[in-house]
Amino acid sequence: MSVECFCLTKRYGRRLALDDVSLEIGDGGVTGLIGPNGAGKSTLIKIITGLVWPTEGFVLVDGFDAHREHTQAMRRIGAIIEWPAFIPDLTARQNLDIFSGGHGARYRAKRAEILRFMELDSALERRVGTFSTGMRQRLGITLALLPESEFIILDEPTNGLDPAGIVEIRQIIREYNRKFGVSVMVSSHLLSEVEQICDHLILIDDGKLKAWGEIGELLGDDRPELILEVDRPAEAAELLRKCAESGALPLGPVETADSGRLRLALGEAAPGAVNRLLVEAGFEVTHLARERRGLESFFLRQTEGEGRSCSE
Ligand code: ADP
Ligand code: MG
């Protein structure tokens with residue numbers, strides 16, 4: 001099961017929603033599609049699932065063209081895009097029957113299995129209008145999984161959920177992937193969600209593919225960094241650079257951000273030694289924090305200069 005995108009460009013009038021995106025999503029894992037609001041995530045998902053035609057380029061799902069051979073291509077894909085509006089006055093069972101179009105013993109067995117997994121089995125005969133947002137999202141995922149999908153695509157499944165609900169959906173996605181070997185692509189504008197459940201990452205911003213690959217590879221070595229706020233950042237950076245060059249402190253590169261903060265790769269140095277050095281040289285250190293070179297800083301680097309953050 002693979003999804004291959006070739007040179008996808010999408011224009012809505014003059015608006016360029018996707019700009020020459022090529023990538024391949026392989027078997028087995030969880031792929032995070034991340035980018036700020038308006039980056040083009042939903043557009044990419046709609047093109048992959050054949051709902052929207054690209055202006056240029058094409059998509060192959062298992063070798064079938066997602067648009068010209070839509071039925072074959074979508075046979076093993078389940079997708080929830082811009083979450084389904086269930087009918088509140090009908091029960092969960094009635095809604096699933098209507099929206100999935102499924103019937104028969106095999107469908108019912110599959111439905112029971114997924115509902116058990118989603119912990120919705122006892123809510124099957126309840127009206128969807130009485131469901132919490134989290135229950136509705138789980139019912140949505142159930143719907144995506146019902147056609148014996150081998151690959152499911154979830155567009156911002158944690159939108160509108162409280163922190164507990166987000167954790168729950170995250171666990172469901174990860175566990176379902178492990179237990180049933182279903183490949184998952186999940187979009188989000190929140191990096192913290194992606195970081196914890198995905199093994200692959202697609203980063204888009206302003207319609208452009210900024211990064212794509214295995215998370216560990218993208219992040220490189222996971223050395224901690226030190227974030228510093230001092231009264232005279234440029235001078236402090238200069239001093240730290242000199243110390244690094246002379247070997248007085250085993251530091252990596254020192255960067256100054258526009259905000260006046262310093263970011264430095266710690267190398268073998270301890271934060272306390274950096275602090276002491278600056279204080280002894282007469283600087284006032286107002287903030288000092290160790291930070292893992294995580295996805296958040298990776299993302300900010302990729303999208304730097306555009307003044308936008310991923311949690312926008
Ligand atoms: P995301 O899902 O990452 O928030 P979208 O794919 O929804 O981003 O949108 C990407 C860009 O394309 C946005 O600027 C959005 O306004 C624009 N866009 C999306 N759908 C349409 C549409 N049907 N008509 C016009 N512009 C659209
Ligand atoms: Mg979207």
Worksheet item: Which whole-Hz couplings ³J(HN,Hα) result when phi for each residue of the range 90-100 is put into the Karplus expression 6.51 cos²θ - 1.76 cosθ + 1.60, θ = phi - 60°, listed in order with x for Gly and Pro?
Response: 9, 6, 4, 4, 4, 4, 4, 4, 5, 7, 8
Worksheet item: Could you give the length gained on full extension between residue 162 and residue 218, defined as 0.36 nm per residue of separation minus the Cα-Cα distance, in nm?
Response: 17.2 nm
Discussion item. If you fit an axis through the alpha-carbon atoms of helix 104-117 and take the longest principal axis of the Cα set of the chain, what angle between them do you get, 0 to 90°, nearest 10?
Written reply: 30
Practice prompt. On a 0 to 90° scale, report how tilted helix 163-180 is relative to the longest principal axis of the chain, with both axes built from alpha carbons and the result rounded to the nearest 10.
Written response: 70
Worksheet item: About its Cα centre, how strong a charge dipole does the range 70-221 have in debye, to the nearest 20, once Lys and Arg get +1 and Asp and Glu get -1 at the Cβ?
Response: 800
Fill in: Vicinal HN-Hα couplings computed from phi for the range 2-15 (Karplus, 6.51 cos²θ - 1.76 cosθ + 1.60; Hz; Gly/Pro x)
9, 10, 10, 10, 10, 6, 6, 10, 10, 10, 9, x, 8, 6
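Can you tell me the order of 89-98, 282-291 when each peptide is scored by its average per-residue count of other Cβ atoms within 10 angstrom, highest first? Please list the in-between numbers first.
Values: 89-98: 17.5, 282-291: 12.5.
Ranking the peptides 89-98, 282-291 by packing returns 89-98, 282-291.
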Worksheet entry | Listed residue (161, 101, 134) projecting farthest to the positive dipole end of the range 3-219, Cβ model | 101
Discussion item. What does the extension gain come out to for residue 22 and residue 94, with contour length at 0.36 nm per residue minus their alpha carbon separation?
Written reply: 21.9 nm
Worksheet entry | Kirkwood hydrodynamic radius (C-alpha pairs) into Stokes-Einstein, the range 1-77, 20 °C and 1.002 mPa s, D in µm²/s | 169
Practice prompt. Work out, step by step, the length gained on full extension between residue 273 and residue 241: first 0.36 nm times the residue separation, then minus their alpha carbon distance; give nm to one decimal.
Written response: 10.1 nm
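Which ordering of 15, 174 is given by a fewest-first count of other beta-carbon atoms within 10 Å?
Values: 15 9, 174 17.
Sorted ascending by nearby Cβ count, the order is 15, 174.
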Discussion item. For a quick check: with amide H placed at 1.01 Å from N, whose amide H comes under 5 Å from residue 291's, ignoring anything fewer than 5 positions away on the same chain?
Written reply: 225, 226, 227
Fill in: Distance between modelled label sites at residue 67 and residue 7, nm, 7 Å Cα→Cβ extension
1.3
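Which whole-number percent is the relative contact order of the range 224-302 (Cα, under 8 Å, 6+ apart)? Display every interim value, and only then the final one.
Numbers: 116 pairs, mean separation 33.7, N = 79.
Once divided by the residue count of the range 224-302, the mean separation gives 43 percent.
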Worksheet item: Using alpha carbons only, how many degrees (0 to 90, rounded to 10) separate the axis of helix 133-145 from the longest principal axis of the chain?
Response: 70
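Starting from the Kirkwood Rh over alpha-carbon pairs, what translational D in µm² s⁻¹ does the range 73-145 have by Stokes-Einstein at 20 °C and 1.002 mPa s?
174
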Item to complete: Please name which of 202, 240, 74 has its Cα lying farthest along the dipole of the chain towards the positive end, using unit charges on Cβ (Lys, Arg +1; Asp, Glu -1) and the Cα centre as origin.
Response: 74
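Please report, in debye to the nearest 20, how large the charge dipole of the chain is about its Cα centre when each Lys and Arg carries +1 at its beta carbon and each Asp and Glu carries -1 there.
Here the size comes out at about 1080 debye.
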Item to complete: Would you kindly derive the ³J(HN,Hα) couplings of the range 183-197 from the backbone phi angles with the Karplus curve 6.51 cos²θ - 1.76 cosθ + 1.60 (θ = phi - 60°), listing them in order in whole Hz, with x for Gly and Pro?
Response: 6, 10, 10, 10, 9, 6, 9, 10, 4, 4, 6, 5, 4, 8, 10
Worksheet item: Going out from 0 in 5 Å bins, what whole percent of all Cα-Cα distances in the range 118-198 drops into each bin?
Response: 3, 14, 28, 26, 18, 9, 2, 0
Practice prompt. Classify the range 3-219 as rounded, prolate or oblate from the Cα gyration tensor: take a ≥ b ≥ c as the square roots of its eigenvalues, call it rounded if a/c is under 1.5, otherwise prolate when a/b beats b/c and oblate if not.
Written response: prolate
Worksheet, complete the sentence: Checking rank on 269-276, 242-249, with mean other Cβ inside 10 Å and highest first, the result is 269-276, 242-249
Response to the item:
For residue 205, the residues 5 or more places away or on another chain with a placed amide H closer than 5 Å to its own amide H are 210
Worksheet item: At what distance in angstrom do the alpha carbon centres of the range 1-38 and the range 168-234 lie from each other?
Response: 16
Worksheet item: When all C-alpha to C-alpha distances in the range 9-129 are sorted into bins of 10 Å, what percent of pairs does each bin hold, rounded to whole numbers?
Response: 11, 32, 30, 22, 5
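If each residue's Cβ is checked for other Cβ atoms within 10 Å, how do 142, 55 rank with the fewest at the top?
Working: 142 22, 55 14.
The fewest-first ordering by Cβ neighbours comes to 55, 142.
A short reminder: the numbers here are calculations on the coordinates, not readings from a lab. Not measured: the values here are computed from a predicted model. Neighbour counts run over all protein chains shown; Cβ positions are idealised from the backbone, glycine included.
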